[in-house]
Structure formats: structure tokens, C-alpha cells
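Read-outs: derived from the displayed coordinates by stated rules, not from any lab. These numbers were taken from a predicted model, which means no experiment stands behind them. Virtual Cβ from ideal backbone geometry, glycine too; neighbours counted across all protein chains shown.
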Amino acid sequence: MIGQIAHGNFAGSGDAVHYIVAAHSFAFDRDFDLSNDYTAPSRIITDPPAGHAQPGADGVLRPVHDVGLPIVFAPVVAAAYGIAGTVDRWPPSLVRRAKLNPFIVLRQLLSLAMIAVTIGLALLFFHTSIALTGERTWAFVWTLVWVLSPPILTHGYVFLTEIPSALIALFVFVRRDDLRGSHPTRQGLILGLLTGLLFLIHVRNIGLVLALAALIVWRVRRTPVRMAGYAAGLAAMGAIKIAINLRFWGTPLTNPHEHLGDWPGLAAFFSQSATSLAGLLLDARHGLIVAAPVFLLAPAAWILLKRQSRTTAYELLILLAAYLVFVINPVTNIHGWRGGWSPAARFLVPVVSFAALGVPMVFAIRRRAIVGLAMIAAQLVVSAYLWGHPMQQWSEGPGPAAFVQGLAGSSAAASIPPIEQLNGAVLAYAAVGLLLTAGVTWSLVRKTPA
């Protein structure tokens, strides 16, 4: 990912810019009044607020995005701003050769900070995969492939909420048994605060919050006193979220950017939800599988993991389902599934680790390893291209994917239908995707005669 930011990239655009502005306000002014942050003559970021900031209940210009990320990273943003503000005192020859200006320096420094978070996620993913599968060597290989492939590769250097959400969610999942230990109150308080922080970072994480809380509470249901610390931490973060929202917008949870949509009717609800799920997985620009075909191994990995540990496999499935049910339906996610101007599969990043932890089991038997290695080879082709062309990772709206055009030509890119609604072309494309997934899965999970 450091190689990614050595090329031209769009890390300083879209939602990321406005998360940085909010973090700047909290770091330097200790508030979220963004009026001066968007207008000060000395500001480094010159983008207008557009719809990313609006007058709140008291008339003050407020960020419409959740403020958990700006709060947590305010010290990092303050340090990066301080360094970026000294560029005019750097050697002119260095500034000219490196094509630096304060904004580029700020963007690169924050990208390095996010890369550090991504490295933490990769290390935790690696150790968790070993613990679940017992395959140390293949877990190492798989972690490298996983972290250097979309969507981790393409979001791992951008100041957005998805990678931090993925790290926190995986950490809480890994430590879900802490309430059974000798210090349940202290450990529970930490886990409760982290679980609640997911909601403060982004309201879209509500499904993860509910699922993680349910898994943890279920573990100590027979000794409810052990829940005290966890409940306190979770309640504290929930109270902070509500207090901030009341202060900004006069409502407990909603704002002009994040609110419930109208009920479209039962048929439209299921049709739009199915379209969103298909888009998240199969769309050329913003879907998972086109950019990361190696995730075709995920269903087989889950089945193999289920044979080894039914409880763990079902817990992972609960986390995925609980998160997705709030993302794909048009009532709880009024913004659709694409994620705006962003790399592929933005909305899947917080849970993509839960879909991939068991993949090293695919390689435990030579017959399976051949299929798995073929999928890895296909992924490396895509990843190698994207490593050298970071700007082709970003897009908005429907249309041919730039990286597919670069890899396979315009005709191949145009042959993939944009997923906007369920029509004949989309259904046929989805059927091909399902058949391919089923074929890969069957070849990996079938039992050979003894």
C-alpha cells in the first residue's frame, strides 16, 4: 500500500476529505463547528462542504458524517497538519522533484496512518486465521493475498471508516470470551466501549454492534453479573452517540444524511434488497468478486470450517448477515450500496475478514490446493494491475470498470451489465456468478471415497 501512495491516487477526495475537515475541527478547536474549517484563508483543504456539512439544530455548520473517526484520529490529524504546514520551509529542490504541496503532504501522512491501521488488521487476521484453521503456513500466504487484494488493498490507505471498523470488529470477535475470564468487569468494559465505538464511527455498523453484543451476552447468559462491565461500556458509547446527535441535529440518531427511508412496499423491498446484494458482490465497478475473484473461495472455506467447528462457523455467518441486512435494504440504507466515489466493495470492508478467515483450510489437501492456487493466480493478476494503477480503483455510479478495461479491453468491460435493477441481463449475469461459485465450492468441499 505504500507503493500505492507512491503513484497518483484519489485518497484525498470524496468523503475522506470531509472526515479530515471534521478531525481538524476537533483537533484544533475542540468542537465540530466547521464554519471556519471550510473558510479560513490558511486552510490546507479547499474543497467546499457541499452536502458533507449542513447547518444543525442551532444553525452551526455541522458534519453530516459520523464523528467517531475524527475524534479517534484527531491527534494524528493535528500532527499531520503541523508537518504539512512547514512545506514552504522545505528545500525547494525537494518540493519540486517530489511534486509536494501542503495538501499532498497531509494526504500522504494520513495515508501512512491508515496503512498502519491496515497492518494491525492484517496481523490480527493472520493470528485469528491460524487459531481457527491450524494452518500456519497457509494462513501466512493467505493473509498476504487477502491484504494485498481489493477491498483491503484499495481502502487500506484512505481516511475512511471502513478499515478501522474492520479492525475493531475483528478484535472484539477475537476477545469475545474475555467475560468468562478472571477479570470480566474490566475486560467487559473495554469490549463494551469498543463495540459501541463501532456505532460512533459509523451508524452503518449497527448490525455488527447488535451481533457482537448478542454473541458476547450469550456466552455469559448463565452468570449475568459478568455482563456489567460490557453493558456499561456499550451504554456509555451509546449515550455519547445520542448526546452528540441531539446537540447537532435535535434528534437522537438521525440527521439530514443518515435517516430511515420510506417503506417501498414488500415486493419493492425484496427486489431492491436483492439488487443491492447482487451489486455488492458482482457489479463491475463496486462489487467484490470482479475486483477480488479470490473471494470465490469463501463459501467453501465456511463449509470446511463448519465441519471443524459449527459454533464458530455460525457465529461468523451471524456477523455477516446482521451487518448486511442493514446495508442492503432501502429502508435502513437510503444511500444505496455503491458507496459513492470510492474503490470497489466499500461497504463490505468492515466484514470482509469474517468471510475469509477459514480460507487456509482450502489448501490443507492437495486436491483442494490446486483449485485454490488457481484462484490466487487470477487474483494476483488483478492485484498486480491495481498496484500500478491506483487511480483506476476509484469510480462512482454505474458503467464499465476502468481496471477491467485496462486488463481485458473495452469489449470485456462493456459485457458486464451494471447492476441497477433486476432485469434479464442482470439475472443472467447473476446466474453465471452463482454457477461459478457453486462449481468452485463443490470442487473444494466434495468428499472423495475412502
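Considering the options Pro63, Ile242, Ala412, tell which one lies farthest towards the positive end of the dipole of the chain, charges being +1 on Lys and Arg and -1 on Asp and Glu at the Cβ, about the Cα centre. Value: Ala412. Entry note: the chain has Rg to Rh equal to 0.97, where both radii use alpha-carbon atoms and Rh is the Kirkwood radius. The protection proxy used here, the mean number of other Cβ atoms lying within 10 Å of each residue, ranks peptides 151-164, 208-221, 429-442 as follows, highest first: 151-164, 208-221, 429-442.
Kirkwood's formula applied to the C-alpha pairs of region 163-241 gives a hydrodynamic radius of 12.0 angstrom. For region 261-337, rounded, prolate or oblate, judged on the Cα gyration tensor with a ≥ b ≥ c (square roots of eigenvalues), a/c < 1.5 rounded, else prolate if a/b > b/c? Taking the square roots of the gyration eigenvalues as a ≥ b ≥ c, region 261-337 is oblate.
Where only DSSP H runs of four or more residues are counted, the chain gives -18500 deg cm²/dmol as its mean residue ellipticity at 222 nm, each run worth -39500 (n - 2.57). If I take every Cα pair under 8 Å that is 6 or more residues apart in the chain, average their sequence separation and divide by the length, what percent do I get for the relative contact order? Relative contact order comes out at 18 percent. Between Val60 and Trp442, what FRET efficiency follows from the Cβ-Cβ distance if R0 is 51 Å, with the result rounded to 0.05? The pair Val60/Trp442 has a calculated efficiency of 0.30.
For the residues Phe354, Phe403, Phe28, a GNM of the chain with alpha-carbon springs under 10 Å puts the largest fluctuation on Phe28. Only helices reaching 27 angstrom along their own axis (Cα) with mean Kyte-Doolittle hydropathy no lower than 1.6 count here, and for the DSSP H runs of the chain these are 102-133, 424-445. Counting only residues at least eight positions apart within a chain, or on another chain, the aspartates and glutamates with an alpha carbon under 17 Å from that of Lys99 are Asp88.
Extension gain for the segment Trp90 to Arg310, taken as residue separation times 0.36 nm less the Cα-Cα distance, is 73.3 nm to one decimal. When both region 16-70 and region 360-409 are represented by their alpha-carbon centers, they are found 37 Å apart. With the largest listed first and rounded to whole Å, the semi-axes of the equivalent ellipsoid of region 342-387 from the Cα gyration tensor are 23, 17, 6. For the pair region 272-348 and region 193-268, the centres of their Cα atoms are 21 angstrom apart.
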